[in-house]
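Student: I have a structure here, written as structure tokens, and I will follow up with some questions on it.
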Amino acid sequence: MYTGWFRSLLMTACMALALHASGQSVPQVRAEVAKLASPAAKVGRLMEVSRDLTRSNPDAAVLLAREAVSIAQKAQDPALQIRAYAHLGLVYMNLNRYREAIQPLEQTVTLRSRDASAAPAQIELSRDLRRLGISYEKTNDLDNAERRYQDALSRAREARSNEEMAYSYNSLGELYLNQQRYQAAIEAFNQALFRARENRMTQFVLTLEKNLASAVTLLQNFLNLQNLQMEVKGVQEAIATVRDSLAQEQASRQLLISEKELLELEKAKTDAELRAKEAELRAKDDQLKAQAAEQRNYLIGGAAAGIIVLIVIIALVGRYRSKQKSNRLLSVEKQKADRLLLNILPGPIAEELKARGRVEPRRFDQVSILFADLKGFTAIAARMSPEQLIEQLGDAFSHFDQIVERYGLEKIKTIGDAYMAVAGLTQPDPDHAYHAVAAALDMQAYMEELGWRQTSVGSTPWTLRVGIHSGPVIAGVIGEKKFAYDIWGDAVNLAARMESSGEVGKVNVSAATHELVKPFARAEPRGAIEVKNKGAVEMHFIHALVNRPVRARQEG
């Protein structure tokens, strides 16, 4: 009894020390949470402190995450419960306590499945299912792991998300590889590689190519072993055939010897009969030798003919494969050239440039311009090597590329740590403001997940400001040797002011953009805020999209 009491007291003391080291004690955190008005604010604060303590005090992190779940349950808010359960599952996964992660992740999947008709919700559900599959695989429950990976893939298909399909196929491939199901693993990695290349997931493509190469090598080794076993069996059968032939020849010779002994016993017969018999025996012996020689020649000739045919077949196959390889190389080079041009210019603009050699400037009366900027990037860059900085910044912008492509936006350019994209530019889009806001919310969701990973390894988490404005612009291609597609106009400047006047982790929009998405969004008015060279400008924070335009629902 005293041992259990002492252990509980010791655990509480350890948690208090860890919280004290972070600047707060357990009573202080709970007192702060108790003063917060809404359950959402309480859950958010508990999750924030739990996330910070994941590395320094795992037990305290788990305890606070469970308290967040308890508050969400009492509030009877499904969306809040999903956040709290998903957070608890991630805490367990980050601590390698996968068996304990299964129950909260299963609860997350159950709650989110009740209303997951929209594409963003399908994508989140696919991620939850993939995390659940990882937890089952880590606990060696391979059947449930495969079932959850397949469920994640199905949800990703419904959302038409190449990114999530690539991750799900890769998880299946790694599972099949561990089960020595090499052919299934190769098919899964090929599917993942196709989706990753379609979405230009550069770093992930390298990982998938390594996984695919490992699976192919293991399959080849397995097949070579089978072929070797078949060859040994063939040699054994050939040896048995030769032994049978030798036995038959020995029997024939024994028969000849017996006949000669019989003739010797009958020497009393006439010399003519004796010579006739001897001649007959010699003829029979010669005939047997001739037959044996003929059989040997036939076998040698057949083997030689087979070798010649095999050589001819190998030569023809090699020539055919060489021709196929040449055709593939030509096709790959053409695709590389087309992809390079599409990386520089939007599709319709690239086609116009190839057809006419120039691009006419165009005016677009209604587009939505998105600006995103990393906060405190200069300070972050000072603590990293140039190689690490470029790699991590490139990975983040690659995810942004995938998000803007998913919602039909056109990436215009990146300037240092700033990212610019436009909705409704190269293709008419009546819902350009809705798609720009949806892309911005996904960017913030990705940055939150990235911040989790950075915090778990002791790095400073990256944060993002995003601003959006809707209005007219002029678009065109500048330069003759190094092409660049760009946009101009007062709307561009105002969109940049929306970003600089925003807050990290949030999506700040102008009154013009808010008016276009008002029927579909949950927004927070900010009032008129002073903006450089613009005076007082009305702004809103967009917290979530709660509905979709009719056209988006029909397309989805």
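Student: Could you work out what % of the accessible surface of region 362-515 is carbon and sulfur, using a 1.4 angstrom probe and leaving DNA, RNA and ligands out of the count? Don't jump to the answer; show the numbers that get you there.
Tutor: On the way: 3510 of 6540 Å².
Result for region 362-515: 54 percent of the exposed heavy-atom area is carbon or sulfur.
Student: Another question about this same structure. Going through the cross-link list Lys35/Lys74; Lys138/Lys375; Lys35/Lys532; Lys210/Lys411, which pairs have a Cα-Cα distance over 27 Å in this structure? Present the calculation step by step, with values, prior to reporting the outcome.
Tutor: Numbers: Lys35/Lys74 17 Å; Lys138/Lys375 36 Å; Lys35/Lys532 37 Å; Lys210/Lys411 30 Å.
Going by Cα-Cα distance, Lys138/Lys375; Lys35/Lys532; Lys210/Lys411 fall outside the 27 Å limit.
Student: Mind grabbing the accessible area of Ile529 for me, 1.4 Å probe, Å², rounded to tens?
Tutor: 40
Student: So, for region 86-209, what is the accessible surface per residue at a probe of 1.4 Å, expressed in square angstrom?
Tutor: Details: 5470 Å² over 124 residues.
Ligands and nucleic acids excluded, the result is 44 Å² per residue.
Student: Next question, about the same structure. Given the protein chains as shown and a 1.4 Å probe, how many square angstrom of Trp462 are accessible, to the nearest 10?
Tutor: 10
Student: Right, another one. Report the accessible area of Lys138, computed with a 1.4 Å probe over the heavy atoms of all protein chains in place, in Å² rounded to the nearest 10.
Tutor: 130
Student: Also, I was wondering about something else. At 1.4 Å probe radius, can you tell me the per residue accessible area of region 470-533 in Å²? Please report the intermediate quantities before stating the final value.
Tutor: Working: 3360 Å² over 64 residues.
Ligands and nucleic acids excluded, the figure is 52 Å² per residue.
Student: At Arg200 and Ile529, where each label point lies 7 Å from the Cα along Cα→Cβ, what is the point-to-point distance in nanometres?
Tutor: 3.0
Student: Let me ask something additional. Taking amide H positions as placed in the peptide plane 1.01 Å from N, state which residues far from Arg181 in sequence (5 or more) or on other chains have amide H under 5 Å from it.
Tutor: When sequence neighbours closer than 5 places are left aside, there are no close amide H contacts.
Student: Computing the accessible area with a 1.4 Å probe over protein heavy atoms, can you report the carbon and sulfur percentage for region 135-191?
Tutor: Values: 850 of 2600 Å².
Summing carbon and sulfur atoms, their accessible area is 33 percent of the total for region 135-191.
Student: Another question, then. Given the C-alpha atoms of region 380-421, compute the convex hull and give its volume per residue in Å³. If you can, show how the numbers build up before the last one.
Tutor: Values: hull volume 2.5 nm³, N = 42.
So the per-residue hull volume is 59 Å³.
The values are calculated or read from the model by the stated rules, or taken from the named source; none is laboratory data. This one's a predicted model, so the numbers in the text were calculated from it and none came from an experiment. Cβ sites come from the backbone with ideal geometry, for glycine too, and all protein chains shown count toward neighbours. The protein model used for the area step is the full one, side chains on, heavy atoms only, and it has no ligands, DNA or RNA in it. Shrake-Rupley method; radii C 1.70, N 1.55, O 1.52, S 1.80 Å.
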